[in-house]
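Presented below is the structure to which this report refers.
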């Protein structure tokens with residue numbers, strides 16, 4: 001009988017041996033694992049409550065990475081896996097597109113389970129920090145509204161701005177501490193489950209987030225750079241319940 005309180009994982013790995021290994025590894029740590037191919041992914045996103053997806057990109061790398069926006073729009077964190085032949089550029093691309101973590105073979109059971117739990121702990125802490133005292137609330141700033149419960153960012157005319165998981169975590173960290181300069185190290189910690197990320201990736205994330213926030217008519221600069229330190233939101237931010 002399934003433990004309905006267990007962490008629910010969707011295993012989207014094409015290679016049978018690797019899929020079986022990952023499933024057994026996570027089940028050993030009392031996680032509930034369901035396997036699927038890429039064609040069944042949309043069904044699982046609609047029908048099932050998922051805590052995390054493991055997506056392997058060794059075959060059809062481009063097509064697999066194209067699935068990330070659909071996954072991220074459902075607010076499900078993702079660990080990307082690949083074989084030992086992957087290049088650094090593949091890892092960077094996956095992370096910049098919004099994947100929460102990246103692992104290459106050989107995939108150790110204990111490490112994989114630890115990474116899954118680290119991602120879910122961080123997501124829980126980030127959300128708790130934002131919603132403490134006003135479940136379902138959010139932030140208003142510069143003609144934009146961020147709803148914490150749905151993770152939707154919208155303009156005053158109702159247009160939604162799509163954010164990856166990492167961009168959402170970055171914006172939430174800045175809004176929760178509006179007026180305070182946050183270091184790159186702090187923002188790395190807030191947006192990545194591990195500290196082995198490329199240092200300049202924070203600058204890339206901020207650049208992409210700025211472009212999205214400032215794309216509309218009459219938009220103003222939201223995130224300021226503090227040279228040699230980090231980033232800050234200095235404009236007025238209203239927190240609502």
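Just so you know, all these numbers are worked out from the coordinates, no wet-lab data involved. This structure is a prediction, so every number in the text was calculated from the model and none was measured. Every residue, glycine as well, gets a Cβ built from its backbone with ideal geometry; the counts of neighbours run over all protein chains shown.
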Sequence of 80, 13, 229, 235 once ranked by neighbouring C-beta atoms within 10 Å, starting from the fewest: 229, 235, 13, 80
Can you tell me the length gained on complete extension of the stretch residue 181 to residue 6, counting 0.36 nm per residue apart and subtracting the Cα distance? 59.2 nm
Dividing the Cα radius of gyration by the Kirkwood radius, what Rg/Rh value follows for region 133-240? 0.94
Put in order of increasing Cβ neighbours within 10 Å, starting from the fewest, 78, 33, 204 give 204, 33, 78
Simple SL model, points at 7 angstrom along Cα→Cβ for residue 42 and residue 66; separation in nm is 1.2
Extension reserve of the residue 214-residue 114 stretch, reckoned as 0.36 nm per residue once the Cα distance is removed: 32.3 nm
Can you tell me the FRET efficiency between residue 221 and residue 241 if r is taken as the Cβ-Cβ distance and R0 is 22 Å, rounded to the nearest 0.05? 0.20
R0 of 35 Å, Cβ-Cβ distance residue 149-residue 16: FRET efficiency to nearest 0.05: 0.35
Using the count of nearby Cβ atoms within 10 Å as a rough guide to exposure, how do 141, 162 rank from fewest to most? 162, 141
